[in-house]
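Below you'll find the structure, written out as structure tokens, and then a few comments.
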Amino acid sequence: MPNDDIRAELKSILLKKSVRTGEFTLASGKTSDLYIDCRVTAMDPVGANLIGKLGWETVKAELAERGVDAQAIGGMTLGADPISLAVGMTSAADAKPLQVFTVRKEPKGHGKGKQIEGNFNEGDTIVIVDDVITTGGSTLKAADVLEAAGAKIAFALVLVDREEGGREAIEARGIPVVSLYSRSTLLG
């Protein structure tokens with residue numbers, strides 16, 4: 001299936017399952033006329049498959065354009081988890097698949113007290129993932145944890161950019177943002 005068809009089908013699922021209008025209080029505390037719960041689409045088997053395909057093609061193109069190799073993909077739990085896994089699983093058919101990891105909101109209170117779980121190694125070049133960016137706070141918090149653990153961040157892959165300043169905040173930190181959709185491309 002060509003990327004344009006994948007993009008159109010995924011957009012249709014996002015609009016049906018994940019996008020709501022009304023009045024909502026967001027994680028940032030701001031109120032908005034738009035609520036986007038990408039987890040519903042990312043945890044749908046068809047949605048996850050489409051995210052994997054479109055996400056992996058986007059990641060490969062972006063890495064090639066930047067002349068960078070990445071070893072892993074992941075971000076702050078829970079929003080990034082299904083997206084990272086879908087892209088990682090799709091990458092398994094490639095010669096250079098991405099390992100998948102997740103960043104806990106806080107270090108684990110037992111065992112090794114890890115905050116990064118899964119397949120991440122110090123020094124890895126990674127793609128950081130978020131489902132939706134509004135202020136960029138969640139992506140930046142994950143970036144803090146990952147950089148402190150020795151990660152080199154190639155760029156951020158975001159399913160939906162709400163176009164409310166998050167992209168600018170993340171890019172001001174020196175992390176380029178690549179979004180599969182924005183508020184404008186979803187809602188026209």
(request) Identify the single condition in (1) modelled with pLDDT under 95; (2) on the phi > 0 side of the Ramachandran plot that residue 118 does not satisfy, given that it satisfies every other one. (result) (1)
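Go over the candidates 60, 108 one by one and state the one that is closer than 27 Å to residue 149 by Cα, part of a loop (DSSP other than H, G, I, E, B) and either modelled with pLDDT of 95 or more or open to solvent by 10 Å² or more (accessible area, probe 1.4 Å) (or both). Let's see the steps before the verdict.
On the way: 60 fails: part of a loop (DSSP other than H, G, I, E, B).
Answer to the selection: 108.
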(request) May I ask you to list pairs of residues, at least six apart or on different chains, whose Cβ atoms are under 6 Å apart, with the first in region 137-152 being more than 13 Å from residue 120 (Cα to Cα) and the second being assigned to a helix (DSSP H, G or I) and open to solvent by less than 30 Å² (accessible area, probe 1.4 Å)? (result) 139/170
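For region 147-180, enumerate the residues that are in a strand (DSSP E or B) and closer than 18 Å to residue 33 by Cα.
Here is the first cut: in region 147-180, the residues in a strand (DSSP E or B) are 152-161, 177-180.
Within region 147-180, 160, 161 meet the criteria.
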(message) Considering only residues that are open to solvent by 20 Å² or more (accessible area, probe 1.4 Å) and not hydroxyl-bearing (Ser, Thr, Tyr), which ones fall in region 132-162?
(response) 132, 137, 140, 141, 144, 145, 147, 148, 149, 150, 152, 153
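Of these, 126, 116, 83, which one is touching a helix residue (DSSP H, G or I) at 6+ places or on another chain (Cβ under 7 Å), open to solvent by 20 Å² or more (accessible area, probe 1.4 Å) and of a type outside the set (S, T, N, Q)? Outline the logic, then answer.
Details: 126 fails: open to solvent by 20 Å² or more (accessible area, probe 1.4 Å); 83 fails: open to solvent by 20 Å² or more (accessible area, probe 1.4 Å).
Result: 116 is the single residue among 126, 116, 83 that is touching a helix residue (DSSP H, G or I) at 6+ places or on another chain (Cβ under 7 Å), open to solvent by 20 Å² or more (accessible area, probe 1.4 Å) and of a type outside the set (S, T, N, Q).
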(request) Can you work out which of the residues in region 63-80 that are closer than 19 Å to residue 154 by Cα and either in contact with a Pro (Cβ under 6 Å, 6 or more places away or on another chain) or hydrophobic (A, V, I, L, M, F, W, C) (or both) is surrounded by the most Cβ atoms within 10 Å (Cβ to Cβ)? (result) 73
(request) Could you tell me which residue of region 167-178 is surrounded by the fewest Cβ atoms within 10 Å (Cβ to Cβ), considering only residues that are touching a residue at least 12 places away in the same chain (Cβ under 8 Å) and closer than 22 Å to residue 63 by Cβ? (result) 176
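Conditions tested, residue by residue: (1) among the hydrophobic types (A, V, I, L, M, F, W, C); (2) under 13 Å from the mean Cα position of the chain (by Cα); (3) closer than 26 Å to residue 64 by Cβ.
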| residue | (1), (2), (3) |
| --- | --- |
| 129 | yes, yes, yes |
| 135 | no, no, no |
| 142 | yes, yes, yes |
| 147 | no, no, yes |
| 157 | yes, yes, yes |
| 161 | no, yes, yes |
| 173 | no, no, yes |
| 183 | no, no, no |
| 187 | yes, no, no |
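Within region 1-29, work out how many residues are touching a residue at least 12 places away in the same chain (Cβ under 8 Å) and open to solvent by 80 Å² or more (accessible area, probe 1.4 Å).
The first filter runs over region 1-29 and keeps only residues touching a residue at least 12 places away in the same chain (Cβ under 8 Å), leaving 1, 3, 6-7, 9-11, 13-15, 17-22, 26-28.
Now restrict to residues that are open to solvent by 80 Å² or more (accessible area, probe 1.4 Å): 1, 7, 20-21, 27.
Result for region 1-29: 5.
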(message) Any residue at all in region 40-56 that's surrounded by fewer than 20 Cβ atoms within 10 Å (Cβ to Cβ) and either in contact with a strand residue (DSSP E or B) (Cβ under 9 Å, 6 or more places away or on another chain) or at pLDDT below 95 (or both)?
(response) no
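The values are calculated or read from the model by the stated rules, or taken from the named source; none is laboratory data. It should be emphasised that the depicted structure is a prediction, and the values quoted were computed from it without experimental measurement. Please note: Cβ atoms are built from the backbone with ideal geometry, for glycine as well, and neighbour counts cover all protein chains shown. Keep in mind that these areas ignore ligands, DNA and RNA; they rest on the heavy atoms of the full protein, side chains included. Shrake-Rupley method; radii C 1.70, N 1.55, O 1.52, S 1.80 Å.
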